[in-house]
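Novice: This is the structure I have questions about; it appears just below.
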Amino acid sequence: HSEPKDKSQLADVIHEARESEIIDENTHDMIEGVFEISELRVRDIMIPRSQIIFVHDDDTEESILSIIASSRHSRYPVVGEDIDEIKGLLIAKDLLIYRNTHPKVFNIAEFMRPATVIPESVRVDRLLRKFQKERYHLAVVVDEFGSVSGLVTIEDVLEQIVGDIADEGEKKGTDNIKAVNSSSYLISGVTPIEDFNEKFGTEFNNDDAETIAGLIIKTCGHLPVKGETIVLAGKFKFRVVNADKRRVKQLELRVVK
């Protein structure tokens, strides 16, 4: 073969290498992921505003500890009275250290770190370089008007290349279905169909697809894009919240009564 002249031809060469078993499937998928992050913007992979767990700068120590205990995240954006008023970043371990050195006085400003704020339009590959160069793990994302629209972590970027990364204590299947309110849920694409059936009393068949994302793809006949809506069984309205060129990662479900 002649040398590839563009990214498309290079992708074909890599695909042929996989077909010829020169590289394995995992390597092939990671190389594809590297290609993809050069085309993605932060808005494509960020955690949306509705899912962010904020800490307010006037919260008590007890309320913050309660938030950390229930959510089990390591980092939290700190905001003022208005959520768009970003004050800084709380790292959970810093609070533990602070408690040991200031057992009777609590002042979040003394240990809060500066928050990194980036626009939605930043390219994901450039964000990864920024994460590496400046040695931080989380950035708050704002829209063109300066309002908070989401947040993104270095883990979100790396998962575009290597696939899902589970936390040390995370059990398989944990928190695949999260209730937002009585009729709205956030559903992980990897949720087994049998778990969905058990939760919602449905009888979707898992012979041709094992996960809810697979069922959605089978129903559509194509890989749906972010924002696309699919209705199953007349009352389960799914909206794709997060997806890339290879998989559906997260769905919003509204149960229509």
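Novice: Hey, can you find the accessible area per residue of segment 75-231 for me, probe 1.4 Å, expressed in square angstrom?
Specialist: Accessible area per residue, segment 75-231: 59 Å².
Novice: May I pose another question? Within straight cross-link reach of Lys130, meaning Cα distance under 16 Å, which lysines are found once same-chain residues fewer than 8 apart are removed?
Specialist: none
Novice: Return the carbon/sulfur percentage of the accessible area of the chain, one whole number, probe 1.4 Å, all protein chains in place.
Specialist: Percent of accessible area from carbon and sulfur atoms in the chain: 48.
Novice: Which listed residue (Asn242, Ile37, Val117) has the Cα farthest towards the positive end of the charge dipole for the chain, taking +1 on Lys and Arg C-beta and -1 on Asp and Glu C-beta about the Cα centre?
Specialist: Towards the positive end, the residue furthest out is Val117.
Novice: Using 26 Å as the Cα-Cα cut-off, could you pick out the over-long pairs in Lys199/Lys226; Lys7/Lys218; Lys7/Lys226; Lys178/Lys249; Lys93/Lys199; Lys7/Lys245?
Specialist: In this structure, Lys7/Lys218; Lys93/Lys199 exceed 26 Å between Cα atoms.
Novice: Okay, moving on. Write down, largest first, the equivalent ellipsoid semi-axes of segment 132-253 in whole Å, where each equals the square root of 5 times an eigenvalue of the alpha-carbon gyration tensor.
Specialist: Its equivalent ellipsoid spans semi-axes of 27, 17, 15 Å.
Novice: Could you tell me whether segment 204-257 comes out rounded, prolate or oblate from its Cα gyration tensor? Rule is a ≥ b ≥ c as square roots of the eigenvalues, rounded for a/c under 1.5, then prolate if a/b exceeds b/c, otherwise oblate.
Specialist: Oblate is the answer for segment 204-257, as a/c is 1.5 or above yet b/c matches or exceeds a/b.
Novice: What order do His28, His15 take when sorted by accessible area (1.4 Å probe), most exposed first?
Specialist: His15, His28
Novice: Placing +1 at every Lys and Arg Cβ and -1 at every Asp and Glu Cβ, with all other atoms neutral, what dipole size does the chain have around its Cα centre, in debye to the nearest 20?
Specialist: Value, rounded to 20: 540 debye.
Novice: Compute the distance from the alpha-carbon center of segment 125-158 to that of segment 9-50, in whole Å.
Specialist: 20 Å
Novice: Moving on to the next point. Order of 225-236, 206-217 by packing, highest average Cβ count within 10 Å first?
Specialist: Per-residue mean Cβ counts within 10 Å order the peptides as 206-217, 225-236.
Novice: Shifting gears a bit: Given the DSSP H assignment, sum -39500 (n - 2.57) over each helix run of at least 4 residues in the chain and divide by its residue total; what's the result at 222 nm in deg cm²/dmol, nearest 500?
Specialist: So the helix-based figure for the chain works out to -10000 deg cm²/dmol.
Novice: For Rg/Rh (Cα atoms, Kirkwood Rh), which listed value, [x] 0.97; [y] 1.13; [z] 1.01, comes from the coordinates shown?
Specialist: [z]
Novice: Amide H of Leu151: which non-local residues (sequence gap of 5 or more, or other chain) have their own amide H closer than 5 Å, using H built in the peptide plane?
Specialist: The answer is Ile47, Val141.
The values are calculated or read from the model by the stated rules, or taken from the named source; none is laboratory data. In this text, all values refer to a predicted model and were calculated from it rather than measured experimentally. Ideal geometry is used to build each Cβ from the backbone, glycine not excepted, and the neighbour counts take in all protein chains shown. Protein only, heavy atoms only, side chains kept; ligands, DNA and RNA dropped before computing areas. Shrake-Rupley method; radii C 1.70, N 1.55, O 1.52, S 1.80 Å.
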